[in-house]
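Novice: Quick one: the structure is below, questions incoming.
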Amino acid sequence: MSTHSLAPPAPAVTPCAERTIAISGKSGLVGSAFASSFVGSDHRVLNVTRDPAARSFDDIIWDPNSGIVNPARLEGTDAFVHLAGENIATGRWTEAKKSRIRNSRVDGTRAVASTLARMDRKPSVLVCASAIGFYGDRGSKILDEYADAGTGFLADVCRDWEAATQPAEDAGIRVVHLRIGVIISRNGGALPQMLTPFKLGVGGRIGSGQQFWSWVSIDDVVGAIHHAIDDDTLRGAINCVAPQPVTNSEFTRMLGSVLRRPTVFPVPGFAARLALGEMANDLLLASTRVLPRRLETSGYVFSQPDLRRALESEIHAR
Ligand SMILES: NC(=O)c1ccc[n+]([C@@H]2O[C@H](COP(=O)([O-])OP(=O)(O)OC[C@H]3O[C@@H](n4cnc5c(N)ncnc54)[C@H](OP(=O)(O)O)[C@@H]3O)[C@@H](O)[C@H]2O)c1
């Protein structure tokens, strides 16, 4: 029996001594949820942003091509959580968009890692976002952190994105690559985009529906980042997905059931490709059945291991 079903929810912030956490991409879906988990705590959160107009005491400007503009401002940082990157799921994947997706991650991560490596007092850990796109389209093969990289645009980006942290590792900083799955959140990502057709009763499976979607609740993405910071035995790749990936057909049925709407309008694969281009292959039609082996063996307790509950809490909660 899964140990998750009886487990209590993970605490928002593990109690520990006051720390300083720097976050890049803090304005994004994950960054804003992670930053909110510190509200009311004694920890200090630094906002590493590209926005030249950001002027508050805790704002630190960076340039993805060259690094932190004034690294001295990072002095005293205990953990750096690097979440910044061109959004993958909005806009067609033109060659220009693909360059931005790739360069913002690979060059941006190398710039962050090199900056941290040069600091006199370095943070002890760099938690860097990655994605289950690392594994590519793999049918029903079960993928844990020891599985090889796949092929395709996203797999190539993820491999190079992870490799770009090398300067930080060489400088003795513990580096964790969080390979994040399809995030379930009412505030962004895939779910809000799916809600409109489903609520109108024209939702349905995509392509064959047999492709695996490895999902994760936004609460568990936040929990996994805290876990990666707190557990100093963790380094390298960590799959950030719920313990039970589902097929797209199962996801579709569950979403229809939570919304109490029919799901009888399948979207053929060619139509998805026509509407979204190459992005449809990598994000919607690829089958990636990923397990969170290292989160589980290191004692992480999922707050949302069950898809129905995760959907209900994001869709029905205010
Ligand atoms: N959402 C998902 O389902 C999901 C799944 C797997 C992996 N991930 C990965 O997890 C990370 C965080 O995801 P998210 O959903 O929070 O992303 P997001 O909402 O798109 O936010 C990313 C942040 O990155 C910064 N940014 C935007 N464009 C950029 C560019 N061209 N160059 C550098 N920085 C840029 C922005 O912050 P500033 O404007 O303050 O600089 C933005 O708030 C991303 O790397 C994403 O690929 C997400």
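A short reminder: the numbers here are calculations on the coordinates, not readings from a lab. Here the structure is a predicted model, which means the values were calculated and not measured. For neighbour counting, all protein chains shown are included, and Cβ atoms are generated from backbone atoms with ideal geometry for every residue, glycine included.
Novice: Non-local amide H neighbours of W215 (under 5 Å, H modeled in plane, Pro and chain starts lacking H): which ones?
Specialist: Those lying under 5 Å, H to H, from W215 are V182, A242, V246.
Novice: Next question. Taking every DSSP beta bridge that has both residues in the chain, what percent is antiparallel when rounded to the nearest 5?
Specialist: Around 10 percent of the beta bridges assigned by DSSP in the chain are antiparallel ones.
Novice: If you don't mind, another one. Using the Cβ atoms and a cut-off under 12 Å, what net charge is assigned to the surroundings of C128, where Lys and Arg are +1 and Asp and Glu are -1? It would help to have the intermediate numbers written out before the result.
Specialist: Values: positive: R105, R110, R174, R179, R235; negative: E162, E169.
That sum, taken over residues with Cβ under 12 Å, equals +3.
Novice: Provide the FRET efficiency to the nearest 0.05 for the A149-D59 pair, computing r from the beta carbons and using R0 = 51 Å.
Specialist: Result of the calculation: an efficiency of 0.90.
Novice: Sequence-distant or interchain residues sharing an amide H contact under 5 Å with I60, placed H: which?
Specialist: Amide H neighbours of I60: N47, V48, T49.
Novice: How large are Rg and Dmax for the chain when only the alpha carbon atoms are used, in Å?
Specialist: Rg and Dmax of the chain, Cα atoms, are 19.2, 60 Å.
Novice: OK, next. Measure nothing fancy, just the Cα-based angle from helix 218-230's long axis to the longest principal axis of the chain, in degrees from 0 to 90, nearest 10.
Specialist: 30 degrees
Novice: So what are the ³J(HN,Hα) numbers for region 308-313, from phi and the Karplus equation (6.51, -1.76, 1.60; θ = phi - 60°), rounded to whole Hz, Gly and Pro as x?
Specialist: Here the 3J(HN,Hα) series is 4, 4, 4, 5, 4, 5 Hz.
Novice: Another question, then. If you take the beta carbon distance between V39 and D232 as r and set R0 to 22 Å, what does 1/(1 + (r/R0)^6) give as a FRET efficiency, to the nearest 0.05?
Specialist: Between V39 and D232 the formula returns 0.30.
Novice: Let me check I've understood the local charge: for D282, count other residues with C-beta under 12 angstrom from its C-beta, Lys and Arg +1, Asp and Glu -1. What total comes out?
Specialist: That works out to -1.
Novice: For the chain, what is the calculated [θ] at 222 nm in deg cm²/dmol (nearest 500), taking -39500 (n - 2.57) for each run of four or more DSSP H residues and dividing by its residue count?
Specialist: For the chain, the value works out to -10000 deg cm²/dmol.
Novice: Output the 0 to 90 degree angle, nearest 10, between the alpha-carbon long axis of helix 153-163 and the longest principal axis computed from the alpha carbons of the chain.
Specialist: Helix 153-163 and the main axis of the chain meet at about 20 degrees.
Novice: In nm, give the distance between the simple-model label positions of S99 and D51, each being 7 Å from the Cα along the Cα-to-Cβ direction.
Specialist: Those two pseudo-labels are separated by 2.7 nm.
Novice: On to the next question. Suppose each label sits 7 Å from its Cα in the direction of the beta carbon; what would the K141-T297 distance come out to in nanometres?
Specialist: Taking the simple label geometry, K141 and T297 are separated by 1.9 nm.
Novice: Further, regarding this structure: Using a cut-off of 15 Å between alpha-carbon atoms, which aspartates and glutamates can reach K199, once sequence neighbours fewer than 8 places away in the same chain are excluded?
Specialist: Cα-Cα hits under 15 Å: E312, E314.
Novice: Here is a further query. Pull up the cross-link candidates among the aspartates and glutamates for K98, meaning alpha carbon to alpha carbon under 20 Å and not fewer than 8 places away within one chain.
Specialist: Filter leaves D63, E86, D107, D137, D156, D160, E162, E278, D282.
Novice: Quick one: Karplus J couplings for region 192-209, per residue in order, coefficients 6.51, -1.76, 1.60, θ = phi - 60°, nearest Hz, x for Gly and Pro?
Specialist: For region 192-209, the Karplus-derived couplings read x, 5, 7, 5, 4, x, 5, 5, 7, x, 10, x, x, 5, 10, x, 6, x Hz, x marking Gly and Pro.
Novice: Under 14 Å from the Cβ of R273, count the other residues' Cβ atoms, weight Lys and Arg +1, Asp and Glu -1, and hand me the total.
Specialist: Around R273, the surrounding residues sum to -2.
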